[in-house]
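Some notes on the structure that comes next.
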Amino acid sequence: MKKFELPELNYAYDALEPVIDARTMEIHHTKHNQAYVTNLNAALEKHPELEYESLCGLLRDINNVPSDIRQAVINNGGGAHNHKLFWKVMAPVGTTELKGDLKDAIDNAFGSYEKFVEEFSNAAKTRFGSGWAWLVLNADKQLKVMSTANQDSPLMEGFFPLLGLDVWEHAYYLNYQNRRPDYVTEWFKVINWDYVAERFEKGLTK
């Protein structure tokens, strides 16, 4: 049976400062993300007959996951996949920029980059409780902003996630306390647009 593992970061825990502090990154990665991976593996052990090629495939096919572990897979499989993407869509301040086909697509879909930021930020700020804000491709290969509760994955709704922002309190509380809007505003400084552009190209061909 496939065992999922904690993804490695391609930057140091302090690389995203001052936007996200090193202690938050370390706790988020080694404690929260690790717990999702551990709990996902434990749930899947109950059904060794379950076949899947990847975590993406498992989430896309969530309705065929046995009912006794389905919610555990939604919570922990979603958490594992959401975080795997989250680490990759971030990079140190000033190291990447939005350009090329992705920039054109965002301008066309939302009217301008500024309007995209406004819509995405609103999705993140108004998500009640814990959850995520997303930039996704829908089934028609169109860009869309959405949000999901808890660790629900856009994959379960047939969307291809390009960019995700974690708005669980554990993602920002040490630095920002209850000031989620400040966290959301600052987070745009550490988006890894090069990786998001790679996801965009991949999503167009899927």
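What is the sum of charges around Arg23, taking Lys and Arg as +1, Asp and Glu as -1, for the other residues whose C-beta is under 15 Å from the C-beta of Arg23?
Result for the neighbourhood of Arg23: -4.
Where Lys and Arg each count +1 and Asp and Glu each count -1, what net charge lies around Gln71 among other residues with Cβ under 14 Å from its Cβ?
Net charge in that neighbourhood comes out at 0.
Would you mind telling me which residue in Lys189, Lys99, Lys84 has the biggest mean-square fluctuation in a Gaussian network model of the chain, where springs connect alpha carbons within a distance under 10 angstrom?
In the Gaussian network model the winner is Lys99.
If amide hydrogens are placed 1.01 Å from N in the peptide plane, which non-local residues have theirs closer than 5 Å to the one on Met90?
Those lying under 5 Å, H to H, from Met90 are Asn192.
Residues with beta-carbon under 12 Å from that of Val89, excluding Val89: net charge, scoring Lys, Arg +1 and Asp, Glu -1?
Local charge sum for Val89: 0.
Would you mind checking the pairs Lys3/Lys99; Lys31/Lys103; Lys115/Lys202; Lys141/Lys189; Lys2/Lys115; Lys88/Lys141 and listing those with alpha carbons more than 30 angstrom apart?
Lys3/Lys99; Lys31/Lys103; Lys2/Lys115
Reachable aspartates and glutamates from Lys46, Cα under 15 Å, same-chain residues fewer than 8 places away excluded?
Those aspartates and glutamates meeting the cut-off are Asp68.
For the chain, modelled as a Gaussian network with Cα springs under 10 Å, which listed residue fluctuates most, Asn76, Asn64, Asn192?
Result for the chain, Cα springs under 10 Å: Asn64 fluctuates most.
Could you run the Karplus curve 6.51 cos²θ - 1.76 cosθ + 1.60 with θ = phi - 60° over the stretch 187-199 and give me ³J(HN,Hα) per residue in whole Hz, x for Gly and Pro?
Each residue of the stretch 187-199 in turn: 4, 4, 6, 10, 5, 8, 5, 4, 6, 4, 5, 4, 4 Hz.
In degrees, nearest 10, range 0 to 90: what is the angle between the Cα axis of helix 34-44 and the longest Cα principal axis of the chain?
Value to nearest ten degrees: 30.
Using a Gaussian network model on the chain with a 10 Å cutoff between Cα atoms, which of Ser153, Ser130, Ser54 fluctuates the most?
Ser54
Given the alpha-carbon gyration tensor of the stretch 22-88, what are the semi-axes of its equivalent ellipsoid in whole angstrom, ordered largest first, with each equal to the square root of 5 times an eigenvalue?
24, 12, 9
Read-outs: derived from the displayed coordinates by stated rules, not from any lab. Keep in mind that what you see is a predicted model, and the values were worked out from it rather than measured. Counting neighbours? That spans all protein chains shown, and the Cβs are built from the backbone with ideal geometry, glycine included.
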